[in-house]
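Participant: Below is one structure. I have some questions about it.
Values in this text are rule-based calculations from the coordinates and carry no lab data. Please read all numbers here as calculations on a predicted model, not as lab measurements. Note: ideal-geometry Cβ built from the backbone for every residue, glycine included; neighbour counts use all protein chains shown.
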Amino acid sequence: MENASLSDPVYYQDLGHGITCIDTMLQRRGLAACYLLEHQGMAGFIDTGTNNSVPILLEVLRRKGIAPDAVAYVMPTHVHLDHAGGAGGLMQQFPNASLIVHPRGARHMIDPAKLEAGSLAVYGEEEFGKMFGRLTAVDADRIQIAEDGFELDFNGRRLVFLDTPGHARHHYVVYDEFSRGLFTGDTFGASYPELNYGRARFVFPPTTPIQFDPLAWQSSLERLMTLDPQRVFVTHFGMHEEIPAMKALLLQSIQDHADTAEDLAQVPDRSERIARSLLQGSIDYLLDAQCGVDVDTIRSLIGRDMELNAQGLDHWLSTLQAHSSGP
Ligand SMILES: [Zn+2]
């Protein structure tokens, strides 16, 4: 089932295997998703959207006839606010739910002040307020830590949590044995539907500040491939089933991002120069692939992403330089 009316502020799509993709409506349609998992009367969310997304998720539950007390787990893949910003607000609505979180993310869910400050530094006050809203803390006794290899019995459906650094050090990916699918957060990159109409596929790594690590990311991807996934559910955006091709493109794109940053490491205004170079490279690739989308649309879809990517790469270069000049 898919409700496709543009006037309906709630947009979701059933993907089979008891999995529903919900648009969390961050800035526009098709930018950020989360996933509702249903199995034998149990429900859970993987990623949450922002605090502003909470009413949307509750409305989807209502339309599907799922009671809030059937929600057993809230599972943010990592604690960036487009993935975990709604976690505290949701936990208030679901009396029976546990929050499953990466060991490095737990303290930020219990006390979100530092998380808010970090995002404020990246987005600025105005954009932050519009995009994310305020955060709600989660009681420590409702949190379960998902160490690498942690398993959850989701009413007879096995979920395995894997530590996947690269985009962030507080990132897990959930392997769902039933669908042979991976809920990948940002680890399988971002790939927007609008830029996947043509022959080629377009996927990029969100190198968002401040923990981009290209080598760790590449090995996280290799490790995920050993599970032979049949589909990936990415937060930005939707289900993808051409896994080996997508992984190869993403590996290349991670390398290209790192190379672009290193090539421009010494120029003045390097963050701006990196952003421009990444955007132009993406535009050239997409036009060459006959993506069927004009340059202005490409800019509006990924221009801001490339600025954020450049900020993350700028930070990454600083850490490399600090290492090489350090004691
Ligand atoms: Zn992220």
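Participant: Put +1 on the Cβ of every Lys and Arg and -1 on every Asp and Glu Cβ in the chain; which of SER324, GLY303, ALA70 then has its Cα farthest towards the positive end of the dipole?
Facilitator: Working it through, the farthest residue towards the positive pole turns out to be ALA70.
Participant: Pick from LEU264, LEU90, LEU251 the residue whose mean-square fluctuation is largest in a GNM of the chain, springs joining Cα atoms under 10 Å.
Facilitator: LEU264
Participant: Still on this structure, please answer the following. Distance between the C-alpha centers of segment 262-327 and segment 29-97? Whole Å please.
Facilitator: Each part reduced to its Cα centre gives a spacing of 32 Å.
Participant: What does the charge dipole of the chain about its Cα centre add up to, to the nearest 20 debye, if the Cβ of each Lys and Arg holds +1 and the Cβ of each Asp and Glu holds -1?
Facilitator: The calculated dipole for the chain is roughly 380 debye.
Participant: Okay, next question. Scanning the chain for chymotrypsin sites (Phe, Trp or Tyr not before Pro) in DSSP loops with at most 16 other Cβ atoms within 10 Å, what's the longest stretch left with none?
Facilitator: Of all site-free stretches, the longest is 1-177.
Participant: Here's another thing I want to ask about it. Hey, rough spin-label estimate for ASP263 and ASP153, points 7 angstrom out along Cα→Cβ, what's it come to in nanometres?
Facilitator: Those two pseudo-labels are separated by 5.4 nm.
Participant: For the chain, what does the helix formula give at 222 nm: sum of -39500 (n - 2.57) over DSSP H segments with n ≥ 4, over the residue count, nearest 500 deg cm²/dmol?
Facilitator: -12500 deg cm²/dmol
Participant: Two decimals is fine: what's Rg over Rh for segment 227-327, C-alpha atoms, Kirkwood radius as Rh?
Facilitator: Ratio of gyration radius to Kirkwood radius for segment 227-327: 1.03.
Participant: Oh, and also: Suppose we flag GluC sites (Glu not before Pro) only when DSSP calls them loop and at most 15 other Cβ atoms lie within 10 Å. Which is the longest uninterrupted stretch of the chain?
Facilitator: By the stated rule (loop sites, at most 15 other Cβ atoms within 10 Å), 1-146.
Participant: Turning to a different aspect of this structure: Starting from the Kirkwood radius over alpha-carbon pairs of segment 1-156, derive D by Stokes-Einstein at 37 °C in a medium of 0.692 mPa s and give it in µm² s⁻¹.
Facilitator: The diffusion coefficient I find is 209 µm²/s.
Participant: Additional query: Taking the highest mean first, how do the peptides 94-101, 299-306 order by number of other beta carbon atoms within 10 angstrom per residue?
Facilitator: Result, highest mean Cβ count within 10 Å first: 94-101, 299-306.
Participant: Specify the angular offset, from 0 to 90 degrees and rounded to the nearest 10, of the alpha carbon long axis of helix 270-288 from the longest principal axis of the alpha carbons in the chain.
Facilitator: Taking Cα atoms only, the helix is inclined about 80 degrees.
Participant: Report the percentage of all Cα-Cα pairs in the chain whose separation exceeds 31 Å, rounded to a whole percent.
Facilitator: I get 27 percent for the Cα pairs in the chain exceeding 31 Å.
Participant: Still on this structure, please answer the following. With everything on Cα atoms, drop me the angle between helix 54-64 and the longest principal axis of the chain, reported from 0 to 90° to the nearest 10.
Facilitator: On a 0 to 90 degree scale, this one is about 50.
Participant: For LYS247, go through the lysines and keep the ones whose alpha-carbon is under 29 Å away, minus same-chain ones fewer than eight residues off.
Facilitator: none
Participant: With +1 assigned to the C-beta of every Lys and Arg and -1 to the C-beta of every Asp and Glu, and no other charges, what is the dipole magnitude of segment 179-327 about the Cα centre in debye, to the nearest 20?
Facilitator: Once rounded to the nearest 20, the dipole reads 340 debye.
Participant: Among ALA216, ASN155, SER191, whose Cα projects farthest towards the positive end of the dipole of segment 150-221, with charges put on the beta-carbon of Lys, Arg (+1) and Asp, Glu (-1)?
Facilitator: SER191
Participant: Kindly put LYS247, LYS114 in sequence by how many other C-beta atoms sit within 10 Å of each C-beta, fewest to most.
Facilitator: LYS114, LYS247
Participant: Taking the Cα atoms only, what angle lies between the long axis of helix 243-263 and the longest principal axis of the chain, rounded to 10 degrees?
Facilitator: 40
Participant: Under a 10 Å cutoff between Cα atoms, tell me which one of ALA32, ALA245, ALA106 has the largest fluctuation in the Gaussian network model of the chain.
Facilitator: Top of the fluctuation ranking is ALA245.
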